[in-house]
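Read the figures in this text as sums done on the coordinates, not as results from a lab. Everything numeric in this text was worked out from a predicted model, so none of it was measured. We place every Cβ from the backbone using ideal geometry, glycine too, and count neighbours over all the protein chains shown.
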Amino acid sequence: MARAQFAESQAEKMSRSGERMDEVEIDATNLSTRELNDRLRDLMQAGVESVVLRNVCGQRYIGTRLYSPEHRKMKIEIFGTPGNDLAAFLFGHEIIVHGNAQDGVGNTMDAGEIVVEGRAGDVLGFSMRGGKIFIRDNVGYRTALHMKEYEEKRPVLVVGGTSQDFLGEYMAGGIVILLGLGGKVHKGNFMGTGMHGGVIYLRGSIEASQVGGQVEISPLDDNDREILERYVSEFMSRFPDLGLNKDQILKDEFVRLSPRSKRPYGKLYAY
Amino acid sequence: MEFKIIMPRKRRELYNKEICACSIFGAMNRDGDRFSAEGVMKAIANMHVRGNGLGGGFAAYGIYPDYRDYYAFHLMYTGCSWVAKRSAKQDFEAFLSESFDIVFDEEIPHGDEATVSDPPLVWRYFVAPNKKGDESRLSDQDYVVSKVMWVNTKIENAYVFSSGKNMGCFKGVGYPEEIGEYFLLDRIYKAYTWTVHGRFPTNTQAWWGGAHPFSLLDTTVVHNGEISSYGTNRWYLEMYGYACTLQTDTEVIAYAADLLMRKQHLPISIVAKILAPPIWNSIDKMNEKEKKLMTTLRMVYGPLLMNGPFSIIIGQTGKMIGLTDRIRLRPLTAATRGAMFYLSSEEASIRLISPELDSVWTPNGGEPVVGELNSKGMVMNEVIRLS
Amino acid sequence: MKSFVFPEFQIIRDEEKCGQCRGCERQCAFGTHSYDPVADRLISDPYKCAGCQRCVIFCPKDAIEIKPTPSFYRPNASWSREKLEDLKKQAETGGVILTGCGNDKPFRIYWDHIVLNASQVTNPSIDPLREPMELRTFLGAKPDYMDIKMDNGEMEIDTRVGPNLMVETPILFSAMSYGAISYNAFRSLATAACKSGTFFNTGEGGLPKEMRGEFGRCAIVQVASGRFGIDAEYLNCAAAVEIKVGQGAKPGIGGHLPGEKVSPAVAATRMIPTGTDAISPAPHHDIYSIEDLSMLIYALKEATNYEKPISVKIAAVHNFAAIGSGIVRAGADIIAIDGLRGGTGAAPKAIRDNVGIPIELAISSLDRRLKNEGIRNRASIIAAGGIRCSADIIKAIALGADAVYIGSAALIAMGCNLCQKCYTGKCNWGICTQDPRLEGRLNVDIASQRLSNLIHAWSHEVSEMLGGMGINALESLRGNRDHLRGVGLYEWELDVLGIKGAGE
């Protein structure tokens, strides 16, 4: 009861003061995960399209409870540090984090966009099936694990820095781009172990020993360059303050990691 | 006359091992300035959902400056009745007075007992070793360790859960912030290092002694994860005289740290390579010298390899060390701000008490992060950061 | 004189399918099949058949079936057919009943009563196909601790670590001597060992000179009671030296290689005259007590310049934990223990079936004894005697062994069907024979590939099970009895094994 009233009263306040009804601010200090997500959902149901969350500190699953059969779309800006599983199962919304994110960002995300002006933790984009994620700095272990795609539904992850071990483990689809900006060297090991679909682009170079046995390292072709151009531009537009020069980035050496076969373990069993 | 010949049958030990899922946090002021537990209690409360209220605990360094030269024994007297607890206390004190000189002792101050479940009687003693006969050949520390092991295995209902100088552990059954309030940690203590643990045990019978931190002398460990090599680590340590009585796998980390760092004087960078060694594939690619060192370490100390997911914070006098398992199955975030050095399961908790940070990173699996006190004549304060 | 004993096997030939190609006649070295030109048929003599199934597998028309003959005696639980017939044979010949392979009697198999753990929820399983899984092990003595010095920022190891064998997988080939097995079989074992990053054991027959250069580095050479084929080069070309005190199939007695198996090549390798019986005495005649063993161990260390680990192989018998502890204190770097079900080329049946204890109980009790004495680091334990599959390997390691030796399993990989007639020298599969005609049937390339395949498959299964337990390095499983539970065992058996019952 109280929550619905809160949402409605906010909406009323907005319309009375003449501001756009679709922008609301929530102060998340001392709110539990449940309470914060309750309010977000109420706002969505009330038709609000843009929310700003302040003083977020560790609340989890922000953006998860926002499924609506009518495919409502909301934009959520977060100031602070969101907790684990940010935007898990995201259904088409847009989330911007002004700060660092923790583990589990975009867990099984279906559609939408996440922008993080900082770094993200482990297990980013686990089982991601659509939508886009842009991370300005580095990411942790097990990024893009089991990412998937189907026909035109193809998720994209662009990381400005580099990642730690097990990038793209079991990858089955989608596009991952690591730009290694600021001279960062790709030091992760076991990249792409078990990869059987999708593609990873790394700006810079890596050793063959850093990738799993199922991965083929190859140079770019024209198709790849088109893809890179498109998503690097999108990355730059999300982080204009970086002051990047697109042509300079695209001129640098990139490598492509792709699976050798769709059935990497075909010969394993005795029948 | 009848002679009864008894053929001893060795019964197998049915030990139970509890499993630990949880949250950990550590804060250290590398200049040695001491602070209360208020901040770390808020930080661990922020990770409330990682625990289930069945255990919480703190380790604090620098809290007894007036008694800094004496060993501070923290005792827990369990038992279902008041009588049982008193009797255990008497047994222990009788033992203590024979082996140690007691300088001062008192009940550890606490708040209202109604706020926590079934608290034991908790007492502290400041003591100096009183070695007699053969035992005078032992160093003070070995003497204390042997006496502590003896008490924990032989005296019923009495457990020494902290035994270092100028430091102490506080723990019990409850959420960590509740334990902190119970022991008045934000009100009467100031420490330069605090480590905290919130517990989610999967064995429902929680007991006060089973909470973290686990400690021996001034080494304390808080741990998130499960050690699947526990059976192997345990027998190896038992060969060296450590009794694993507290039914939790974290014990072996504390004893391993004591064995390797205190008794065998190995530096933390080597100890990390024993507990979380690099993979053979990486070792084979190293240069000859490093390869030989790593191979030898793994050969000799194989049984101390800690397998299974873990992230731990080890506290020692003047040091705070964070370490995760070799494939980083558990999270650990490190951060610095001026003289403060933080370790946490989640970054948000650090931001809660220090919104601005100089640097934030997640260390690689198997690579330790060490914060050291800046003090005259010692190595300059240095956070070893391997990226 | 007519024997009162039934033939062991009956041969059923489908005359319609049989095309009289005489292949079976050529395949069988026992002379079971012969061609009758008048009737244009193959005739089979069941009294000669060993049941090795060679002719059945190689018949192009699948026309032959060979089965054990049913027993026609009145059923008698005490006087089983085997007991009756062995007795009659002895009455007919006055001799000792010989047999080959390992104990086939229904003693309890503890491997089948132990179950393994798997991780769920509290500890993630690890997928060996994608994440690193390490089976590498070191066999040998390890110091109690290491002294490490910092020297200008670099680490220096002060402690000297003794020589160790590095194996990529904890499966080694057990001791089978050249003489007992054919040259090709022996060479196949050596080839597969080198290819798979493990070791083979030469047994007491020595190591032929031409093989020393190529295979010495993967060889564990044996110094047995007969001291066959031992010269300084033999000792120094190998990776380790093993003193054979006993073996599981025939603890307490020596070995006997009949003269017909001592061909010129065997004689040259063993350094005895061609055609003589090669007798290994029961004890080493220079080891009558434990201190003598210590003397021999150090003699070998001297002979190999302290560069090779010295192993001692004993059979698992009563009180052997105390013996094992003594052996470790005598200076051995590795103890190899052979249990009740260990195999052999020839042994008296009475000894093979009745002497010794099961290896599972042996590993546990030895491991526990060494730990209690605080000396478990000083030697590695290799267990042998009836390892049949990868689950047995994992259980052996969890009970306390460092690695396992496989003997019968390796021969089965090469084609053996355990017909137990190894002592005749007429192995149709070319494995346990010195007859060049038979030996040629075993192709070294194919057989060694089969052995490597076996090791590869089992190593992978071990990795899967380890990963299931949430462990990614073999050293974390060794002696970790927490991951085992017993099913259908008595309390005392659980005590000896040191494991809980399932559900406890």
Over all residues in B:323-335, what is the mean tally of Cβ atoms on other chains that come within 10 Å of each residue's Cβ? 4
Work out the charge dipole of region B:99-150 with +1 on the Cβ of Lys and Arg and -1 on the Cβ of Asp and Glu about the Cα centre, then indicate which of B:GLN141, B:ALA114, B:TYR125 is farthest towards its positive end. B:GLN141
Which of the listed residues, C:SER177, C:VAL221, C:TYR73, is farthest toward the dipole's positive end in chain C, when Lys, Arg count +1 and Asp, Glu count -1 at the beta-carbon? C:TYR73
Estimated FRET transfer efficiency when R0 is 60 angstrom, pair A:SER68-C:HIS456 (beta carbons, to 0.05): 0.65
Cut-off under 5 Å, modelled amide H: who pairs with C:ILE243 long-range: C:VAL223, C:SER311, C:VAL312, C:LYS313
Please state the charge dipole magnitude for the protein assembly as shown, taken about the Cα centre, from unit charges on C-beta atoms (+1 on K and R, -1 on D and E), reported in debye and rounded to the nearest 20. 2940
Below 8 Å between Cα atoms, with a sequence gap of 6+, how large is the relative contact order for chain C in percent? 19
Taking the Cα centre of region C:9-95 as the origin, how large is its charge dipole in debye, to the nearest 20, when only Lys and Arg (+1) and Asp and Glu (-1) carry charge on their Cβ atoms? 220
Can you return the lysines within cross-link range of C:LYS17? Criterion is Cα-Cα under 26 Å, with same-chain partners fewer than 8 residues away left out. C:LYS48, C:LYS61, C:LYS67
Once both label points are put 7 Å beyond Cα along the C-beta direction, the C:ASP62-C:GLU210 separation in nm becomes 4.0
Excluding residues fewer than 8 positions from C:LYS395 in its own chain, the aspartates and glutamates with Cα under 13 Å of it are C:ASP112, C:GLU360, C:GLU461, C:ASP482
When A:HIS196, C:HIS285 are ordered from fewest to most other Cβ atoms inside 10 Å of their Cβ, what list results? C:HIS285, A:HIS196
Paramagnetic reach from C:VAL38 in region C:1-26 [backbone N under 15 Å; point 7 Å along Cα→Cβ]: none
To make sure I understand, if each residue's beta carbon is the centre and we count other beta carbons within 10 Å, what order do B:TYR67, C:TYR73 fall in, fewest to most? C:TYR73, B:TYR67
May I ask you to evaluate 6.51 cos²θ - 1.76 cosθ + 1.60, the Karplus curve with θ = phi - 60°, for each residue of region C:493-500 and list the ³J(HN,Hα) values in order in whole Hz, giving x for glycine and proline? 5, 4, 4, 5, 5, x, 10, 7
Using a basic spin-label model with each label point 7 Å from the Cα along Cα→Cβ, how many nm lie between B:PHE95 and A:ASN30? 4.7
No Cys partner within the rule (Cβ under 4.7 Å), chain C: C:CYS18, C:CYS21, C:CYS28, C:CYS49, C:CYS59, C:CYS101, C:CYS237, C:CYS389, C:CYS416
Over 27 Å (Cα to Cα) among A:LYS187/C:LYS149; C:LYS149/C:LYS301; C:LYS313/C:LYS500; B:LYS285/C:LYS308; B:LYS132/B:LYS154 -> A:LYS187/C:LYS149; C:LYS149/C:LYS301; C:LYS313/C:LYS500
Rank the residues C:CYS52, B:CYS244 as a footprinting-exposure proxy: fewest other Cβ atoms within 10 Å of their Cβ go first. B:CYS244, C:CYS52
Once amide H atoms are built 1.01 Å from N in the peptide plane, which residues 5 or more positions from A:VAL97, or in another chain, come under 5 Å H to H? A:ILE78, A:VAL115, A:VAL116, A:GLU117
Amide H within-cut-off set for C:LEU340, under 5 Å, with H built and near neighbours excluded: C:ILE357, C:ILE359
Note, ³J(HN,Hα) from phi for region B:73-79, Karplus 6.51, -1.76, 1.60, rounded to Hz, x at Gly and Pro: 8, 9, 10, 10, 9, 9, x
Dipole in debye (nearest 20) - region C:373-434, about Cα centre, beta carbon charges: Lys, Arg +1; Asp, Glu -1: 160
From DSSP H assignment alone, runs of 4+ in chain A each adding -39500 (n - 2.57), the sum over residues rounded to the nearest 500 puts [θ] at 222 nm at -6000 deg cm²/dmol
Rounded to whole Å, √(5λ) for the Cα gyration tensor eigenvalues of the protein assembly as shown, largest first, gives 62, 40, 27
What are the lysines whose alpha-carbon lies under 22 Å from the alpha-carbon of A:LYS73, with same-chain residues fewer than 8 places away excluded? A:LYS13, A:LYS132, A:LYS153
Considering only DSSP beta bridges whose two residues both sit in region A:84-259, what percent are antiparallel, to the nearest 5? 30
Nearest 5 percent is fine: what portion of the DSSP beta bridges confined to the protein assembly as shown is antiparallel? 60
Using only Cα atoms and rounding to the nearest 10 degrees, what angle (0 to 90) does helix C:359-372 make with the longest principal axis of chain C? 20
Taking 30 Å as the cut-off for C-alpha to C-alpha distance, list the pairs among A:LYS184/C:LYS195; B:LYS289/C:LYS371; C:LYS250/C:LYS426 that go past it. A:LYS184/C:LYS195; B:LYS289/C:LYS371
For region C:89-190, what proportion of DSSP beta bridges, expressed in % and rounded to the nearest 5, is antiparallel? 90
What number, rounded to the nearest 500 deg cm²/dmol, is the helix-based mean residue ellipticity at 222 nm of chain C, given -39500 (n - 2.57) per DSSP H run of at least four residues and division by all its residues? -9000 deg cm²/dmol
What's the angle, to the nearest 10 degrees (0 to 90), between helix A:2-16's Cα axis and the longest principal axis of chain A? 80
Could you point to the residue in A:VAL199, A:LEU228, A:GLY182 farthest towards the positive end of chain A's charge dipole, with +1 and -1 charges on the Cβ of Lys/Arg and Asp/Glu respectively? A:VAL199
Which values of log₁₀ I(q)/I(0), to two decimal places, follow from the Debye formula for region C:9-95 at q = 0.14, 0.21, 0.25 Å⁻¹ with a uniform point scatterer at every Cα? -0.60, -0.96, -1.20
To the nearest µm²/s, what D does Stokes-Einstein give for region B:235-387 at 10 °C and 1.306 mPa s, using the Kirkwood radius over alpha carbon pairs as Rh? 95
Round to the nearest 0.05 the FRET efficiency obtained for C:SER71 and C:ILE375 when R0 = 41 Å and r is the Cβ-Cβ distance. 0.20
At a Förster distance of 41 Å, what's the computed FRET efficiency of C:ARG108 paired with B:THR245, Cβ-Cβ distance as r, to 0.05? 0.75
